[in-house]
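Colleague: Let me begin by handing over the structure; questions about it come next.
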Amino acid sequence: MIDYFKAFINYCNNTRFQELCEAGTFATEITKSDPQTGEILKQTYLYKNMRVTTTKNGFLLEGSLHKYRSELKSVVNMHNAKTNGRINNYKGFNGDLFTFESITETIAHLCGVLDISPHVCTLQNIEIGINNIVPFQVVRFIDGLLYHKGKSITEAKDEDGWTYKQFKHGEYIVKIYDKGKQYLLPDEVIRIEVKITKMRKLIEKADINISTLADINEATLKQAFDFLFREFNEVIYYDYSINTEGLTEANRTKLKDYQNKIYWKGLTRIERYREKDCLSTLIKKYSDNYKGQIQRQMIAGITPQLKANRVIIHCQQYRNQRGQMRVKIPYIKKVSL
């Protein structure tokens with residue numbers, strides 16, 4: 001569930017850093033100095049996919065915890081050549097499940113290497129997200145994304161050049177992208193993620209006490225999942241699997257409006273929520289309900305992720321309330337680590 005993070009440590013163990021440099025643990029050292037005085041202003045060390053940047057008062061530690069785990073476990077060796085190529089392109093792999101046990105083990109390993117305590121790693125940014133295997137083309141859902149709490153969908157690129165869709169707010173960003181396409185995985189995998197850019201959004205407003213790496217535990221991860229689920233539930237999207245047969249002319253006209261981003265932008269907040277409810281009703285009644293399938297997958301997958309087993313998620317058919325075999329949802333198979 002945890003991917004990228006950025007933490008500040010209020011002391012700098014220069015002796016330990018020097019040892020790691022001499023031992024070749026840090027692959028690269030980048031130094032920024034004053035051109036006139038020669039004073040070192042900033043030093044950045046690279047350790048696997050992690051970046052360590054010294055400051056006057058301590059140092060910053062940042063990177064993808066999920067990709068760090070994958071490198072430690074040599075996950076790259078578990079995939080085909082095409083996927084391995086993408087893993088190299090995107091500097092690591094974060095396309096599988098990242099369980100609570102793996103998260104805590106990874107934090108312990110990283111802090112052990114740097115000789116620091118997770119209690120002093122004060123978080124400045126953190127990403128919370130889940131990869132979901134779904135039985136439909138992820139692009140079909142992504143193409144229908146429209147609005148989230150007054151923000152229109154936009155496109156962005158990460159530092160490795162991967163393009164994704166996002167809803168950007170002042171203190172956080174809701175990110176949705178095709179993880180299966182990114183890594184050329186055999187399954188359709190969609191990632192639902194929230195990037196916290198100001199920690200008060202999580203700590204004060206969402207009342208989730210994750211201030212340091214040490215605060216990441218089963219209880220706070222469950223709270224973080226609930227927060228992620230609530231934010232995803234607010235996403236307004238058009239479902240392109242809607243069957244228009246049997247709809248009234250008025251509803252067909254509405255559907256044309258609902259596909260238009262400009263239409264949603266012109267609505268007031270109250271109007272937007274009213275029309276969102278109307279669209280949701282039509283989606284649930286006349287479509288395969290892609291968003292609902294993702295939400296069921298998220299709920300089905302969270303409990304095993306918080307336990308000490310790794311899980312593999314497959315798909316199976318299910319019957320709706322009318323007894324019709326229409327869509328597929330996942331079932332979960334536990335395997336040992």
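Every number in this text was worked out from the coordinates using simple rules, so none of it is lab data. Nothing here was measured: the structure is a model prediction, and the numbers come from that model. Reconstructed Cβ throughout: ideal geometry from the backbone, glycine too, with neighbour counts over all protein chains shown.
Colleague: Tally Lys and Arg at +1 and Asp and Glu at -1 over the other residues with C-beta under 14 Å from the C-beta of L185: what net charge comes out? List each step's numbers first, then the result.
Modeller: Working: positive: K82, R86, K179, K181, R191; negative: D96, D178, D187, E188.
Charge balance in the 14 Å sphere: +1.
Colleague: Now for a different question. Considering only F167, T53, G92, whose Cα is most displaced toward the positive end of the charge dipole of the range 2-235, charges sitting on Cβ of Lys, Arg (+1) and Asp, Glu (-1)?
Modeller: F167
Colleague: What net charge do the residues around T268 carry, taking every other residue with its C-beta under 12 Å from that of T268, with Lys and Arg at +1 and Asp and Glu at -1?
Modeller: On the way: positive: K265, R269, R272, R274; negative: E271, E275.
Once positives and negatives cancel, what remains is +2.
Colleague: Calculate, for T15 and E105, the FRET efficiency according to 1/(1 + (r/R0)^6) with r their C-beta to C-beta distance and R0 35 Å; round to the nearest 0.05. Mind dumping the intermediate values first?
Modeller: Details: r = 26 Å, r/R0 = 0.75.
Once rounded, the FRET efficiency stands at 0.85.
Colleague: A further question follows. Give the cross-link partners of K168 among the lysines, using a straight C-alpha distance below 19 Å as the criterion and excluding same-chain residues fewer than 8 apart.
Modeller: Cα-Cα hits under 19 Å: K6, K149, K151, K157, K195, K198, K201, K205, K261, K265.
Colleague: Got a sec? Which residues in the range 41-58 would a label at Q124 touch, if it sits 7 Å along Cα→Cβ and we count backbone N under 12 Å?
Modeller: 52-58
Colleague: Relative contact order (percent) for the chain, with alpha-carbon contacts under 8 angstrom and 6 or more residues of separation?
Modeller: Once divided by the residue count of the chain, the mean separation gives 17 percent.
Colleague: Could you work out the relative contact order of the range 79-207, using alpha carbon pairs under 8 angstrom and six or more residues apart, expressed as a whole percent? List each step's numbers first, then the result.
Modeller: Numbers: 174 pairs, mean separation 36.1, N = 129.
In percent, rounded to a whole number, it is 28.
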